[in-house]
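J.: Dumping the structure here so I can ask a few things about it.
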Amino acid sequence: MKTVYIAMSADLVTPSHVNIIQEARMLGEVVIGLLTDSAVASYQRLPYMPYEERKFVMENIVGVKEVVAQETLDHVPNLLKIKPNYVFHRDDWNTGVLRETRQRIIDTLKQWGGELVESDHMPGITSTSLKQAIREVGITPMMRRSMLKRLLEAKPLIRIIEAHSGLTGLIAETVFVENDDIVREFEGIWLSSLTDSAVKAKPDIEYVERMTTLSDILETTTKPIIFDGDTGGITEHFVFMVRTLERLGVSAVIIEDKKGLKKNSLFGTDVVQVQDDIEDFCHKISSGKRAQVTDGFMIISRIESLILEAGMDDALARAKAYIAAGTDGIMIHSRKPTADEVLTFCREYAKFDDRVPLVAVPSTYCHTTEDELAAAGVNIVIYANQLLRSAYPAMVDVAKSILQHGRAAEAEEHCMPIKDIISLIPERT
Ligand code: SPV
Ligand code: MG
């Protein structure tokens, strides 16, 4: 019996998947090379269903003999292992970078007389259109909540951008760039206390009500959300915050080790801010962990030692203590113009026996690239305030232009067309 290999991600299974399997099984026994979460995440969004669930579905489709994991986008490692007689693929990949992939598969198969078979029989619903439909319907809190943990397992580095409204949530959700068939987008959303306060024209001192903004962002997005929990309040209040965020489908809360009246970290020592005692903060972390009811949720601890000039040793001692208290991640914050101190922290952190994912916020050290941070061991990069900081000066310029010219015509080129803004958000009828 001959063997036919088909690689797929099979996240949202459509009649097209069944059709292609039906066609392929006429040639021999069908082996599905199912792309793992990290293989998919290397070129597009993380699948909605984890690998094991996708595997379960595919194994039970008539005509599938076996499902094997394809760990990379590249078929070749699996082809060398399985040596199939045929590789089956849709016929739309003879352009762009996929053209090279296609050629490599043809060349590899040649080694044992195998062949590439291409089909144009892919009618009906595409998974891209289904993904769009899912976005319109929304997502359940349960699916969304566990997504950050899944991303951490699937990707070496996760990019998060700040949102402070339903509209900026939509930007975080939908903006992407595509190069050589690799789609790059933000994997999740940071609900910044700074920007959430600033849009309400309030200082960043744990004063503004945050749930309305969160609710607006939940409504326009499906990506995981990291909530800036400030200090988390007193421990007796923090446990309620954990439950509330979990229930809503937020993936993680980051709490900072300060107490009393918290000010924005980027003020540093220009204002009075007091760091919490290690023991008390550990108690807050462990109480939060005990309050948590789901597996997917994460409590990440933010170390302010570098911000408050308490020194590297203090930062490292705190990281050790917070990990021992059960934190699911460490955020190391810095307000220096270069990443030097963050990178020093990372180097020392890499020597720890017990480590949890590491978060960095390159607001002041913005010249440092994601690749440099990832190479140092950072797992999550948060762009914490750029959407608001770019919107404000644009609005001020337009306001000035109207004043200067006594009309809005000159400002028009800086504005999106009225037609676009009124149709940006579709009505749900
Ligand atoms: C925020 O975005 O609110 C933060 C990061 O907490 S920072 O503003 O740098 O403190
Ligand atoms: Mg904040």
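J.: Quick one: if you take sqrt(5λ) for each eigenvalue of the C-alpha gyration tensor of segment 142-258, what semi-axes come out, biggest first, whole angstrom?
T.: Whole-Å semi-axes of the equivalent ellipsoid: 25, 17, 12.
J.: May I ask for the percentage of alpha-carbon pairs in segment 182-323 that lie more than 21 Å from each other? Before the final figure, lay out the partial values.
T.: Details: 4502 of 10011 pairs.
Of all Cα-Cα distances in segment 182-323, 45 percent exceed 21 Å.
J.: In a GNM of the chain with a 10 Å cut-off on Cα contacts, which of A325, A133, A411 has the highest mean-square fluctuation?
T.: Result: A411 has the largest fluctuation of those listed.
J.: Check the straight Cα-Cα distances from K131 and name the lysines below 30 Å, setting aside those fewer than 8 residues away within the same chain.
T.: K55, K65, K149, K155, K223, K419
J.: Here is a further query. Picking from Y349, Y322, Y392, which is most flexible by a Gaussian network model of the chain using Cα springs under 10 Å?
T.: The residue that fluctuates most here is Y392.
J.: Could you derive backbone 3J(HN,Hα) for segment 364-377 from the dihedral phi with the Karplus parameters 6.51, -1.76 and 1.60 (θ = phi - 60°), listing whole Hz in sequence and x where the residue is Gly or Pro?
T.: My calculation for segment 364-377 gives 8, 8, 6, 7, 6, 8, 4, 4, 5, 5, 4, 5, 7, x Hz in order.
J.: With 17 Å as the cut-off, how large is the P(r) tail for segment 2-62, expressed as percent of Cα-Cα pairs?
T.: Considering segment 2-62, 38 percent of its Cα-Cα pairs are separated by more than 17 Å.
J.: Further, regarding this structure: Taking all protein chains in place and a 1.4 Å probe, what share, in percent, of the accessible surface of the chain do carbon and sulfur account for?
T.: 56
J.: Something else: Taking 0.36 nm per intervening residue step and subtracting the Cα-Cα distance, what contour gain separates R104 from L403 on full extension?
T.: The span from R104 to L403 would gain 101.5 nm if fully extended.
J.: Mind grabbing the base-10 log of I(q)/I(0) for segment 375-429 at q = 0.14, 0.17 Å⁻¹? Debye formula, identical points on the C-alpha positions, no solvent, two decimal places.
T.: For segment 375-429 at q = 0.14, 0.17 Å⁻¹, log10 I(q)/I(0) is -0.62, -0.75.
J.: Using packing as a proxy for protection, rank 304-310, 275-281, 4-10 so that the peptide with the highest average count of other Cβ atoms within 10 Å comes first. Could you put the intermediate results ahead of the total?
T.: Details: 304-310: 20.3, 275-281: 16.3, 4-10: 23.6.
Ranked by mean Cβ neighbours within 10 Å, highest first: 4-10, 304-310, 275-281.
J.: Please compute the per residue accessible area over segment 341-429 with all protein chains in place, 1.4 Å probe, rounded to a whole number of Å².
T.: Normalised by residue count, the accessible surface of segment 341-429 is 66 Å².
J.: Please state the charge dipole magnitude for segment 252-353, taken about the Cα centre, from unit charges on C-beta atoms (+1 on K and R, -1 on D and E), reported in debye and rounded to the nearest 20.
T.: I would put it at about 260 debye.
J.: Among T369, G188, N385, whose Cα sits farthest toward the positive end of the charge dipole of the chain (+1 at Cβ of Lys/Arg, -1 at Cβ of Asp/Glu, about the Cα centre)?
T.: G188
J.: Sticking with this structure for a sec: Can you give me the long-range amide H partners of K258? Hydrogens built in the peptide plane at 1.01 Å from N, cutoff under 5 Å, separation of 5 or more residues or another chain.
T.: Close amide H contacts, sequence-distant or interchain: D276.
J.: When the chain is modelled as a GNM with alpha-carbon springs shorter than 10 Å, which of I21, I402, I171 fluctuates the most?
T.: I402
J.: Please report, for the Cα atoms of the chain, the Rg to one decimal and the Dmax as a whole number; what are they, in angstrom?
T.: 24.7, 80
J.: Once amide H atoms are placed 1.01 Å from N in the peptide plane, what residues at a sequence separation of 5 or more from T3, or on another chain, have their amide H within under 5 Å of its amide H?
T.: E29, N85, Y86
J.: Compute the distance from the alpha-carbon center of segment 181-231 to that of segment 341-377, in whole Å.
T.: For segment 181-231 versus segment 341-377, the Cα centre distance is 23 Å.
J.: Could you name the aspartates and glutamates whose alpha carbon sits less than 12 Å from that of K2, not counting residues in the same chain fewer than 8 places away?
T.: Answer for K2, where 12 Å is the Cα cut-off: E29, E115, listed by chain and number.
J.: Counting only DSSP beta bridges with both residues in segment 249-395, tell me the antiparallel percent, nearest 5.
T.: That works out to approximately 10 percent antiparallel.
J.: Let me ask something else. Be a star and scan segment 235-274 for residues whose amide nitrogen sits under 20 Å from the point 7 Å along the Cα-to-Cβ vector of T294.
T.: Residues 238-255 qualify, since their backbone N sits under 20 Å from the label point.
J.: May I pose another question? With label points built 7 Å along Cα→Cβ from the Cα atoms of Y43 and V117, find their separation and express it in nm.
T.: Here the modelled spin labels are 2.2 nm apart.
J.: Right, here's the next one. Please report how far the C-alpha centroid of segment 133-179 lies from that of segment 32-69, rounded to the nearest whole angstrom.
T.: Cα centres, segment 133-179 to segment 32-69: 20 Å.
J.: Return one whole number: the accessible area per residue of segment 31-116 in Å², for a 1.4 Å probe.
T.: So segment 31-116 comes to 51 Å² accessible per residue, rounded to a whole number.
J.: Where Rh is the Kirkwood radius over the Cα pairs of segment 285-380, the temperature 10 °C and the viscosity 1.306 mPa s, what D in µm²/s does Stokes-Einstein return?
T.: The calculation lands on 116 µm²/s.
J.: What are the membrane-span-like helices in the chain by this rule: whole DSSP H runs, Cα extent along the axis at least 27 Å, mean Kyte-Doolittle hydropathy at least 0.0?
T.: Long hydrophobic helices here: 386-405.
J.: Using a probe radius of 1.4 Å on heavy atoms only, what accessible surface per residue do you get for segment 178-264? Whole Å² is fine.
T.: 41
The values are calculated or read from the model by the stated rules, or taken from the named source; none is laboratory data. Fair warning: this is a prediction, and the values are worked out from it, not measured in the lab. Backbone-built Cβ (ideal geometry, glycine too); neighbour counts: all protein chains shown. Surface accessibility is based on the protein's heavy atoms, side chains included, excluding ligands, DNA and RNA. Shrake-Rupley method; radii C 1.70, N 1.55, O 1.52, S 1.80 Å.
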